[in-house]
Every structure is written in C-alpha cells, then in structure tokens.
Amino acid sequence: MGEEFFFHLVDYKNIDMAQNNIVLGENTMNLRLKVEILKQYPTQCDLARDLKVSESLLSKIVRGRHEPSPELRRALAQKLRVSEGELFHDAE
C-alpha cells in the first residue's frame, strides 16, 4: 500500500526517473530513497530510529534539503538492502 499511496501524492510531470528524483519547489525529493523506506519500514521514523538519527535529518535527506555524509549513505543502503548507487545516483 505505501508505494501505491505515495505515487498518488506526486505531480507526475516533476518526476525524473533517470535520476530517481521528484522536483518539489526548490528542492528535489529522492524518489528511490522514499520508495525503499515505504517498502521496508512502517514509517520513516522507524528507519530514523534504526539509524540513530533524528526524524528531521532523515526527512531533510529524503526531501533533498540535506546531503548525507558518506557514512550515513552507506548506513542507509545497508538498512534498506540496496546499493548506495541505487539510492544516490551520484554514488555510482
């Protein structure tokens, strides 16, 4: 349900699937990261707790308002069981 529900909330003309992003005003949401969180965790808060970071920080990363450290990128990829390159296009 999470992934399906999420896609009803976005404006499709602002989706850049090549980059896994959605443009939201001046920021760019990391679509792949958001979808993986919705697929594997009941809430984004649960992932933040698992990573031992604040909900606010994780939200800023997902919404493209904060660039995660290399260590946090690795931790996100490990927790979500995907490669870092899949979550962050520039990591490849």
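State all residues of segment 41-57 that are part of a helix (DSSP H, G or I) and either closer than 15 Å to LEU31 by Cβ or among the small types (Gly, Ala, Ser) (or both); if no residue qualifies, say none.
Result: GLN44, ALA48, SER56.
Considering only segment 6-33, how many residues are modelled with pLDDT under 90 and either crowded, with 18+ Cβ neighbours inside 10 Å or charged (D, E, K, R) (or both)?
Number of matching residues: 11.
For segment 34-88, give me each residue that is in contact with a strand residue (DSSP E or B) (Cβ under 8 Å, 6 or more places away or on another chain) and either at positive phi or surrounded by fewer than 16 Cβ atoms within 10 Å (Cβ to Cβ) (or both).
GLY64, ARG65
Return a yes/no flag: does segment 75-83 have any residue that is within 15 Å of LEU31 (Cβ to Cβ) and modelled with pLDDT of 95 or more.
Yes, segment 75-83 has at least one match.
The values are calculated or read from the model by the stated rules, or taken from the named source; none is laboratory data. Since the model is a prediction, treat every value here as computed from it, not as a measurement. For neighbour counting, all protein chains shown are included, and Cβ atoms are generated from backbone atoms with ideal geometry for every residue, glycine included.
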